[in-house]
1. Using a 10 angstrom cutoff on alpha carbons, build the Gaussian network for the chain and name the most mobile of 110, 129, 30.
2. With a cut-off of at most 13 other beta carbons within 10 Å, and DSSP calling the residue loop, which chymotrypsin sites (Phe, Trp or Tyr not before Pro) in segment 33-88 qualify? Please list them.
3. Report ³J(HN,Hα) in whole Hz for each residue of segment 43-60, in order, from the Karplus equation J = 6.51 cos²θ - 1.76 cosθ + 1.60 where θ = phi - 60°; Gly and Pro get x.
4. Give a quick list of GluC sites (Glu not before Pro) in segment 46-139 that DSSP marks as loop, anything other than H, G, I, E or B, with at most 12 other Cβ atoms within 10 Å.
5. Using the crude model of +1 on Lys and Arg Cβ and -1 on Asp and Glu Cβ, and no other charge, please compute the dipole size for the chain relative to its Cα centre, in debye to 20.
6. Any number yet on Rg/Rh for segment 62-139, C-alpha, Kirkwood?
7. Name the most mobile residue of 104, 27, 65, meaning the one with the largest mean-square fluctuation, in a Gaussian network model of the chain with Cα contacts below 10 Å.
8. How large is log10 I(q)/I(0) at q = 0.09, 0.13, 0.18, 0.19 Å⁻¹ when the Debye formula is applied to the Cα atoms of the chain, each weighted equally and without solvent?
Amino acid sequence: MSDVGPTRPAPVVTEDSAVFWDAARAGRLVAQRCRSCGRLHHPPRPMCPACHSIELEAHELSGNGTVYSYALLHYPQNPAFTYPVVAALVDLDEGVRMLSNLVGVEPERVAIGMEVEVTFEPTKDDGVVPLFRPRGQRS
Ligand SMILES: [Zn+2]
């Protein structure tokens, strides 16, 4: 039996976050936008944190942003990942901040303010997660 598929665990999808993960599977990065006040927010939730409206929609993002902060994770190790894992808070150009992983960069070259773009990585169980890599890099 050969197993050359993705090793990254599938995302945990909830009723609130399904809109985000469904978009990722379609190769789109989205944030929730409030139809009442127009603000974007992330992660998805049932109610706008600014005006408490429940009229929310998925808004597609450019996928471009900058590294707000990051941490190199060494432990505990999961065999599905290559260490250190770069965990980063990315400020998207549209004004929302996402926690994700940086890929395609040596950990010692990661810097606050680095320009990054979204890339999509398949996971186990046919999931897809949005990750970020240095902008303009060919994959
Ligand atoms: Zn609102």
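Rule-based calculations on the coordinates, nothing more; no lab input. Computed from a predicted model, the values in this text were never measured in an experiment. Cβ: placed from backbone, ideal geometry, glycine included. Neighbour counts: every protein chain shown.
1. So, out of 110, 129, 30, the one fluctuating most is 110.
2. 81
3. Rounded to whole hertz, the list is x, x, 8, x, 9, 4, x, 8, 10, 6, 5, 10, 8, 10, 9, 7, 10, 6.
4. 55
5. Values: 13 positive and 17 negative charges, 31 e Å.
Result for the chain is approximately 140 debye, rounded to the nearest 20.
6. 0.95
7. Among 104, 27, 65, the largest GNM mean-square fluctuation belongs to 104.
8. Debye curve over Cα of the chain, log10 I(q)/I(0) at q = 0.09, 0.13, 0.18, 0.19 Å⁻¹: -0.29, -0.60, -1.08, -1.17.
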